[in-house]
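First comes the structure, then the notes that go with it.
Just so it is clear, none of the values below were taken in a lab; they were calculated from the coordinates. Model, not experiment: these values are computed from the prediction. Positions of Cβ are generated from backbone atoms using ideal geometry, with glycine treated the same way; all protein chains shown enter the neighbour counts.
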Amino acid sequence: MAGVAALLADHAINIASMQLYRSSRGKDAIMVMECDQEIPGDVIKHLREQRGIMKVMYLSLERTPTKEEAPHGI
């Protein structure tokens, strides 16, 4: 969680809201974030490469995601 927040902060992306869910202690977790700015494709790519992150999905109500941003391409 801290690494994701730091990466977004490094790119001046403000986290508007964040929710964390997990089934039990030590198990996989899901993090859902809403940001005030669009997240550039290179930041999405960097998130996908981070240790411990299994999947990154990006949803924008402002524009169509690029191939790099889409979960499995467009």
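Observations on the model:
- Residue identified as part of a helix (DSSP H, G or I) and among the aliphatic types (A, V, I, L, M) among 43, 32: 43
- Subset of segment 7-29 (residues that are without any contact (Cβ under 8 Å) to a residue 12 or more places away in the chain and under 20 Å from residue 61 (Cβ atoms)): none
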